[in-house]
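Novice: Supplied in structure tokens, the structure appears directly below.
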Amino acid sequence: MYRWFEKVGYDADLEQLKCEFFAPTDLESYLRHHDWAKPTARV
């Protein structure tokens, strides 16, 4: 496994990914964009 990481490893075409998928975002921004409300505190 370690030889494979040294010789081959993982690779990604970041420019192609940007064309095919939305820009990454954090969880709070994603939820806000999809109209998820913050839970209200119950007493």
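Novice: Starting from the range 8-26, keep only residues that are within 22 Å of Trp36 (Cα to Cα), then list their pairs with residues that are outside any helix (DSSP H, G or I) whose Cβ atoms are within a distance under 6 Å, requiring at least 6 positions of separation or different chains.
Specialist: none
Novice: Output the residues belonging to the range 3-25 that are in a helix (DSSP H, G or I) and among the acidic types (Asp, Glu).
Specialist: Glu6, Glu15, Glu20 - these are the residues of the range 3-25 that are in a helix (DSSP H, G or I) and among the acidic types (Asp, Glu).
Only the coordinates and a few stated rules stand behind these numbers; no lab work does. Every value quoted in this text rests on a predicted model; they were computed, and no experiment measured them. Methodologically, a virtual Cβ is constructed for each residue, glycine included, from the backbone with ideal geometry; neighbour enumeration extends over all protein chains shown.
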